[in-house]
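The values are calculated or read from the model by the stated rules, or taken from the named source; none is laboratory data. All of these numbers come straight from a predicted model, not from anything done at the bench. Please note: Cβ atoms are built from the backbone with ideal geometry, for glycine as well, and neighbour counts cover all protein chains shown. Keep in mind that these areas ignore ligands, DNA and RNA; they rest on the heavy atoms of the full protein, side chains included. Shrake-Rupley method; radii C 1.70, N 1.55, O 1.52, S 1.80 Å.
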Amino acid sequence: MTATVRTATSADCPQIAEIYRHYVENSVITFDYESPSVDDWEERLAAITARGRPFVVAVEPDDTGADTVLGYAYLGEFRTKHAYDWTTEDSIYLRPDVTGRRLGSTLLEALLTGLDPSSVRRVVAVISIISSDVSIRLHQRFGFVQTGVLQSIGYKNGRWIDCAVLQYTVPGTESDSGPFSPS
């Protein structure tokens, strides 16, 4: 069956919370020690979409015809200072039992084609460096360039973790002049 990508809704938040919980409890790809609640996810969804940024889910219907969330992705806030308003950070998570189906590519493409280039100039990815570099290679396939490594930046599961920093330049926003006139 082929997954479809659509805008996330609050009804998806329980499944989104469950997907993320797996990574909080079993990995170092997120530095959260505690899983956000469903209410937290609903607030995050509302805040992201209120800024006009994409928050999408890849879904397939289950036996009853209801959508099963296979993964999600969004463009969240990079930093809170006003000067960063045109930069965003992407997040992509898949249910662990559906990896290898190119859903990460599908979700990342949806983010990059769904962003508004008049309000997003750069997308940053901060990726834990682990034995698998799948996330780094995924981002590089879409034009992200590694700009650095934050060494021993996070501590989780009894070890220090490095993070790769990658940056994507939204097409049409390469110069310091042009359509961007911060107000």
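Side notes on the structure shown:
- Size of electric dipole in segment 1-146: Cβ of Lys, Arg +1 and of Asp, Glu -1, about Cα centre, debye, nearest 20: 780 debye
- Lys/Arg +1, Asp/Glu -1 at C-beta; the chain dipole; positive extreme among 164, 36, 9: 164
- Radius 14 Å from Cβ of residue 16, net charge of other residues (Lys, Arg +1; Asp, Glu -1): -4
- Taking packing as the residue-averaged number of other Cβ atoms within 10 angstrom, the listed peptides 77-84, 6-13 run from highest to lowest as 6-13, 77-84.
- Calculated log₁₀ intensity ratio I(q)/I(0) where the Debye formula runs over C-alpha points of segment 10-85, q = 0.12, 0.26 Å⁻¹: -0.39, -1.30
- Per residue of the chain, the DSSP helices (runs of n ≥ 4 H) give a summed -39500 (n - 2.57) that works out to -8000 deg cm²/dmol at 222 nm.
- Computed P(r) (all Cα pairs; segment 90-183; 10 Å bins; percent): 14, 41, 31, 12, 2
- Only protein atoms count toward the accessible area here, which uses a 1.4 Å probe; on the chain, the carbon and sulfur part of that area reaches 49 percent.
- DSSP beta bridges in the chain [antiparallel fraction, %, rounded to 5]: 90 percent
- For the chain, the Kirkwood hydrodynamic radius comes to 17.2 Å, computed from all pairs of different C-alpha atoms.
- Average accessible surface area per residue within the chain, 1.4 Å rolling probe, Å²: 54 Å²
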